[in-house]
Amino acid sequence: MGVSGCGKTTVGRALAARLGCAFLDADDFHPPENVAKMRGGTPLTDADRAGWLDRLRAEIEAHLAAGTSAVLACSALRAAYRARLRRAGEPVHVAYLRGDFDTIAARLASRAGHYMPVTLLRSQFDTLEEPGAGAIEVPVELSPEQAVARIMAAVMA
């Protein structure tokens, strides 16, 4: 989890490959209306995110029911969003890719082919509620390999 541009997709794909499991990018589950809003520079509201979070929860439930693992790259910026995605007692872990505004803004400015404009980054940081205890904190300055190693060590502990 983390703001746009923190490396969720890159780290998530690498982690899924290391685990030999499915990779799910929450961006792929947004309805066209949400993508259009973000592409146009309009931040999403909680109402915009509700159906999207429900779709993601359904994906998590499907993997849990099948006994399969998956890595989900999702912003999950608020505690309420994370609570909507996880249930107590489930083997669902949260890794928080943590970085400062300037570092992530520079990453977004150099990224091509994504609908999320750098102009929305401030709204993401304004929305962000850091997860604190229980989450695996991963500094964005780590390489993807180092990030995967940190997450794997925490999950396997």
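Given the criteria of a type in the set (D, E, K, R) and under 16 Å from the mean Cα position of the chain (by Cα), does residue 48 qualify? No.
Restricting to the stretch 61-87, count the residues that are of a type in the set (A, V, I, L, M) and part of a loop (DSSP other than H, G, I, E, B). Write out each step before concluding.
Of all residues in the stretch 61-87, those of a type in the set (A, V, I, L, M) come to 62, 64-66, 70-73, 76-77, 79-80, 83, 85.
Now restrict to residues that are part of a loop (DSSP other than H, G, I, E, B): 76-77.
Summing the residues that are of a type in the set (A, V, I, L, M) and part of a loop (DSSP other than H, G, I, E, B) in the stretch 61-87 gives 2.
So which residues in the stretch 122-147 are part of a helix (DSSP H, G or I) and over 24 Å from residue 45 (Cα atoms)? Across the stretch 122-147, the qualifying residues are 144, 145, 146, 147.
Per-residue answers, yes or no, for (1) closer than 18 Å to residue 78 by Cα; (2) basic (Lys, Arg); (3) at pLDDT 95 or above:
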| site | (1), (2), (3) |
| --- | --- |
| 12 | no, no, yes |
| 18 | no, yes, yes |
| 34 | yes, no, no |
| 37 | no, yes, no |
| 55 | yes, yes, yes |
| 59 | no, no, yes |
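Kindly check whether there is at least one residue in the stretch 2-16 that is of a type in the set (A, V, I, L, M, F, W, C) and surrounded by fewer than 16 Cβ atoms within 10 Å (Cβ to Cβ).
Going through the stretch 2-16, the residues of a type in the set (A, V, I, L, M, F, W, C) turn out to be 3, 6, 11, 14-16.
From the residues that got through so far, the ones that are surrounded by fewer than 16 Cβ atoms within 10 Å (Cβ to Cβ) too are none.
So far as the stretch 2-16 goes, no, none of its residues is of a type in the set (A, V, I, L, M, F, W, C) and surrounded by fewer than 16 Cβ atoms within 10 Å (Cβ to Cβ).
In the stretch 46-70, the residues that are small (Gly, Ala, Ser) form Cβ pairs under 7 Å with partners that are surrounded by 11 or more Cβ atoms within 10 Å (Cβ to Cβ) and part of a helix (DSSP H, G or I), at six or more places apart or across chains, as follows: 69/19; 69/63; 70/63.
Does the stretch 101-129 hold any residues that are surrounded by 12 or more Cβ atoms within 10 Å (Cβ to Cβ), of a type outside the set (A, V, I, L, M, F, W, C), over 21 Å from residue 80 (Cβ atoms) and at pLDDT 90 or above, and which are they? Residue satisfying the conditions is 103 alone. In the condition set (1) surrounded by 12 or more Cβ atoms within 10 Å (Cβ to Cβ); (2) charged (D, E, K, R); (3) in a loop (DSSP other than H, G, I, E, B), residue 90 is compliant with all but (1).
Within the stretch 70-102, the set of residues being of a type in the set (Ser, Thr, Tyr) and under 9 Å from the mean Cα position of the chain (by Cα) comprises 75, 96. Of the listed requirements (1) modelled with pLDDT under 95; (2) under 17 Å from residue 9 (Cβ atoms), residue 97 misses just one: (1).
Output the residue which, of all residues in the stretch 126-157 that are within 17 Å of residue 77 (Cβ to Cβ) and among the acidic types (Asp, Glu), is farthest from the chain's Cα centre (by Cα).
Among residues in the stretch 126-157 that are within 17 Å of residue 77 (Cβ to Cβ) and among the acidic types (Asp, Glu), the one farthest from the chain's Cα centre (by Cα) is 126.
The values are calculated or read from the model by the stated rules, or taken from the named source; none is laboratory data. Since we're looking at a predicted model, the values are computed, not measured. Note that each Cβ is placed from the backbone with ideal geometry, even for glycine, and that neighbours are counted across all protein chains shown.
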